[in-house]
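In what follows, a single structure is set out as structure tokens and then discussed.
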Amino acid sequence: MKFSLQTWLKISLFNLVLVALLGVVLRYKISFSLPFINQKYLLEAHSHFAFDGWVTQALMSLLANNLSRKSNKPISQKYHWLLLGNLVASLGMLIFFSIQGYSICSIIFSTASIIVSYLFGIFYWRDLNSLPEKDVSCRCFKAAVLFNALSSAGPFVLAYMMATKNYDQNLYLAAIYFFLHFQYNGWFFFSCMGLMFDHLIKYGIPEGKLKIGFNLFLSACVPAYFLSAPWLQIPLWVYLLVVAAVFLQLASWFILCRSIKNVMLEIKSEISWFSQLLFSCSAVALSIKLLLQAATVIPSLSKLAFGFRPIVIAYLHLVLLGVITIFILSYMIAFKLISVNKTTIAGVAIFIAGIILNEIFLMIQGAADLDYYAIPWINEVLFGVAVVLLTGVVMINWGQFMRSHYPVER
């Protein structure tokens with residue numbers, strides 16, 4: 001069994017269609033009657049499949065391809081099997097979370113996905129060590145797989161609580177946000193950072209600058225978890241570490257942005273204007289995310305924001321869609337790993353428009369909730385936005401069956 005990189009990326013993009021479709025159904029059920037759908041079950045399926053079926057499937061494919069390029073060898077057979085294992089586990093979670101929620105079957109497939117992530121991390125770490133030349137991107141990838149493994153502590157704590165029927169609300173929320181934090185800011189973020197650093201070195205950015213950026217983000221990752229758990233009572237010294245983490249992230253991002261600005265001529269000569277625009281959109285989303293995190297060091301603001309669901313959903317979608325998904329699409333298009341044509345480009349443009357609209361209306365809803373005011377038709381509007389997102393993703397996938405304007409690497 002051996003698929004090409006293009007096939008794995010097509011599978012990942014199709015999984016993104018399923019994620020968007022679940023989002024449409026979830027939004028429909030909020031506004032209209034759909035009695036045969038369990039909202040909680042479908043939400044669990046939506047979140048699990050978004051993480052494993054879309055982002056993790058795509059990142060594992062891209063990381064395996066990056067290793068192949070560095071070693072000048074075809075993608076190892078073991079990575080094809082691991083990608084297949086992750087796909088099966090993701091589809092299993094999609095099915096059983098949708099119809100049963102947390103059940104023995106969904107937990108089995110969820111555990112299987114964690115085991116696959118462990119195996120991927122072990123093999124990938126070993127293969128990185130065997131490379132004749134190692135740069136800062138290798139450090140990013142090692143951090144990514146390490147944080148991916150660390151994030152699994154969250155689901156295991158949840159499984160323990162369910163097995164023992166010993167529920168503690170604070171521990172329950174802490175476990176969920178532990179998983180989310182080290183997926184978003186660990187596995188996803190450092191994987192994307194490694195993919196980008198690998199090319200930035202070629203554009204002439206001194207590796208020393210990239211190492212500083214990596215080290216600052218790495219140092220901030222663990223203490224920044226407490227920004228996601230404002231209800232936890234932490235000692236003053238931990239709070240000071242959290243504040244320091246915020247400034248480390250902002251300093252790192254400033255250094256990286258200045259370094260990229262210095263080689264913009266080289267970047268413009270290598271990638272298309274549309275790819276540059278997409279990367280800029282992801283960078284803007286990341287800047288907003290870091291500024292919002294900085295604001296949450298004020299305890300009163302943090303507790304206020306996390307107390308209203310639309311604001312939390314807006315933030316999570318900002319990171320998953322605005323930062324990570326746009327980056328992955330940007331990377332695929334910039335380096336011609338998928339078929340790029342007018343349909344693909346139009347689909348990406350519609351998708352980004354949907355992300356922007358989704359953020360705007362969620363924040364409007366969240367701001368109204370702060371004043372306990374219900375905006376008329378807001379849920380129907382958000383349903384329409386979900387349809388826009390789905391339309392964009394479907395067009396991106398449809399474009400994969402049309403002729404590319406550029407040669408596609410296989």
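Yes or no: residue 364 farther than 21 Å from residue 54 by Cβ, within 26 Å of the chain's Cα centre (by Cα), surrounded by 13 or more Cβ atoms within 10 Å (Cβ to Cβ) and at pLDDT below 95?
For residue 364, the condition - farther than 21 Å from residue 54 by Cβ, within 26 Å of the chain's Cα centre (by Cα), surrounded by 13 or more Cβ atoms within 10 Å (Cβ to Cβ) and at pLDDT below 95 - is met.
Output the number of residues of region 75-97 satisfying the condition of being among the polar types (S, T, N, Q) and in contact (Cβ under 8 Å) with a residue 60 or more places away in the chain.
2
Filter region 25-44 down to residues that are of a type in the set (A, V, I, L, M) and in a helix (DSSP H, G or I) and give me whichever is modelled with the lowest pLDDT.
30
If residue 228 satisfies all but one of (1) closer than 20 Å to residue 318 by Cα; (2) at pLDDT 85 or above, what's the number of the condition it fails?
Every listed condition holds for residue 228 apart from (2).
Mind listing whichever residues of region 263-296 are within 18 Å of residue 193 (Cβ to Cβ) and either among the hydroxyl-bearing types (Ser, Thr, Tyr) or outside any helix (DSSP H, G or I) (or both)?
Passing the criteria: 263, 271, 275, 280, 282, 287.
Would you mind telling me which numbered condition in (1) in contact with a Leu (Cβ under 9 Å, 6 or more places away or on another chain); (2) without any contact (Cβ under 8 Å) to a residue 24 or more places away in the chain residue 141 fails?
Here residue 141 meets the rest and fails (2).
Given the condition over 15 Å from residue 290 (Cβ atoms), crowded, with 17+ Cβ neighbours inside 10 Å and outside the structural domain of residue 289 (by TED's automatic domain parsing), answer yes or no: does some residue in region 247-256 qualify?
Checked region 247-256: no residue is over 15 Å from residue 290 (Cβ atoms), crowded, with 17+ Cβ neighbours inside 10 Å and outside the structural domain of residue 289 (by TED's automatic domain parsing).
Looking at (1) crowded, with 17+ Cβ neighbours inside 10 Å; (2) under 28 Å from residue 65 (Cα atoms); (3) not basic (Lys, Arg), which is the one condition that is false for residue 315?
So residue 315 meets the others, but not (2).
Kindly check whether there is at least one residue in region 45-63 that is more than 24 Å from residue 326 (Cβ to Cβ), in a helix (DSSP H, G or I) and within 23 Å of the chain's Cα centre (by Cα).
no
What number of residues in region 128-145 are more than 16 Å from residue 195 (Cα to Cα) and surrounded by 15 or more Cβ atoms within 10 Å (Cβ to Cβ)?
0
The values are calculated or read from the model by the stated rules, or taken from the named source; none is laboratory data. Just so you know, these numbers come straight off a predicted model, no measurement behind them. Because the Cβ atoms are built from the backbone with ideal geometry, glycine has one as well, and the counts that use them run over all protein chains shown.
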